[in-house]
Amino acid sequence: MEHKHDENIVNKYEDALKKYATDLNDNEVVRQAKELTDKHKAENNTPETIKSLIGFIDLTSLGTSDTQESILAMVEKVNKIDSERPDMPVPAALCVYPNMAGLVKDSLEADNVRIACVAGGFPSAQTFPEIKTAETSLCIMDGADEIDTVMPVGKYLSGDYEGMADEIDEIKAACGMHKLKVILETCELKTASDIKKASILCMYSGADFIKTSTGKGSKGATPEAAYIMCKAIKEYYIETDRKVGFKAAGGIKTADDALTYYTIVKEVLGKEWLTPELFRIGATGLLDNLMADIEKHGEA
């Protein structure tokens, strides 16, 4: 009886995946992503769009050497934009380690800027499920509005879809009404088909966003991974009528980098996804670079 139960659970996930086109050709995906950006990115390279990119940023500091002083300096940068530059959007969120959530909450003065924390054994997700949910709950208690967590990549790769989904579901339960961004760490998934399957399973497990990378892996965001994930989000929306957000992170430093992901979201998901509620860019240096570009071109 127990074996039959387990088999039924496995079938549940396999049945969910069967509703989607997951047999992808890696080279074809690379070609399609490049064709899309080559065709449309230039038309998005306008002063208005460059400025709007600031409002999609999750301004991030996740360094081993983070100190209270360095985090306060990042918060003050956002406070200053809010108070001194009414012509500029503010970043969507500040993303920090769990122990910095309270500090950000106490020092953040800018309106409409969320506090995001990485939790759940970031960046490897290799810890006890109980630790993951406890850490998530502590982040929320300390003021986090959003949680960024890494899906259990090892469980996915070993075919333990039930274990993977259960962990994400439990973390989402600990989040309550707060947003959960699930990081696929796409550089570890290797194939386009795996990125598509993992995207679908994470969404079915309660992810409010799916995110490319931790920024700690061998590679960050790539256009082809973003293209696959946005296609999965679109198909999932058609199937379930639930809108899931997309976050690109890892190695995004320049306006040109950011425009690549803006273009993919716009062309695959549509303009309705071009809101901080459904699109984010995780980055550390991007804000300064965008501000410099805006100043240089006289759009300040």
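The values are calculated or read from the model by the stated rules, or taken from the named source; none is laboratory data. Keep in mind that what you see is a predicted model, and the values were worked out from it rather than measured. Methodologically, a virtual Cβ is constructed for each residue, glycine included, from the backbone with ideal geometry; neighbour enumeration extends over all protein chains shown. Just the protein is used for accessible areas: all its heavy atoms, side chains included, with ligands, DNA and RNA removed. Shrake-Rupley method; radii C 1.70, N 1.55, O 1.52, S 1.80 Å.
Miscellaneous remarks
- Subset of the stretch 179-212 [open to solvent by 10 Å² or more (accessible area, probe 1.4 Å) and in contact with a Cys (Cβ under 9 Å, 6 or more places away or on another chain)]: GLY206, ASP208
- Scan of the stretch 103-150 for residues that are of a type in the set (S, T, N, Q) and farther than 21 Å from PHE209 by Cβ, ordered by number: SER107, GLN126, THR127
- So ALA232, is it touching a residue at least 12 places away in the same chain (Cβ under 8 Å), open to solvent by less than 40 Å² (accessible area, probe 1.4 Å) and within 12 Å of the chain's Cα centre (by Cα): no
- Of the candidates ILE294, ILE238, the single residue that is surrounded by fewer than 22 Cβ atoms within 10 Å (Cβ to Cβ), at pLDDT below 95 and β-branched (Val, Ile, Thr) is ILE294.
- Residue check, GLY250 on the phi > 0 side of the Ramachandran plot and crowded, with 21+ Cβ neighbours inside 10 Å: yes
- Qualifying residue in the stretch 51-67 (condition: free of Cβ contacts under 8 Å to residues at least 40 places away in the same chain, out of contact with any Phe, Trp or Tyr (no Cβ under 9 Å at 6 or more places or on another chain) and either aliphatic (A, V, I, L, M) or open to solvent by less than 20 Å² (accessible area, probe 1.4 Å) (or both)): no
- Residues of the stretch 139-159 satisfying the condition of being surrounded by fewer than 17 Cβ atoms within 10 Å (Cβ to Cβ) and modelled with pLDDT of 95 or more: MET141, GLY143, GLY154, LEU157, SER158
- Comparison of GLU43, GLU48 shows that the only residue that is without any contact (Cβ under 8 Å) to a residue 24 or more places away in the chain and touching a helix residue (DSSP H, G or I) at 6+ places or on another chain (Cβ under 9 Å) is GLU43.
- Residues being in a helix (DSSP H, G or I), open to solvent by less than 40 Å² (accessible area, probe 1.4 Å) and of a type in the set (Val, Ile, Thr) - total across the stretch 109-138: 2
- Counted residues, the stretch 168-185 - those being in a helix (DSSP H, G or I) and either of a type in the set (A, V, I, L, M) or in contact (Cβ under 8 Å) with a residue 40 or more places away in the chain (or both): 5
- All conditions but one from (1) open to solvent by less than 20 Å² (accessible area, probe 1.4 Å); (2) under 27 Å from ASN289 (Cα atoms) apply to LYS216; the one that does not is (1).
- With respect to (1) out of contact with any Gly (no Cβ under 6 Å at 6 or more places or on another chain); (2) open to solvent by 20 Å² or more (accessible area, probe 1.4 Å); (3) outside any helix (DSSP H, G or I); (4) not polar (S, T, N, Q), the lone exception for LEU103 is condition (3).
- Wholly within the stretch 219-300, helices (runs of 4 or more DSSP H) carrying at least 3 residues that are touching a strand residue (DSSP E or B) at 6+ places or on another chain (Cβ under 7 Å): 223-240, 255-269
- Of the residues making up the stretch 217-227, one or more are among the aromatic types (Phe, Trp, Tyr), within 15 Å of the chain's Cα centre (by Cα) and farther than 25 Å from ASP166 by Cα.
- Figure legend. Inter-residue proximity from the stretch 201-225: first residues charged (D, E, K, R), second residues in a loop (DSSP other than H, G, I, E, B), beta-carbon distance below 6 Å, spacing 6+ or different chains. Indicated pairs: LYS216/PRO123.
- Subset of the stretch 29-48 (residues that are open to solvent by less than 70 Å² (accessible area, probe 1.4 Å) and either over 14 Å from ILE264 (Cβ atoms) or at pLDDT below 95 (or both)): THR46, PRO47
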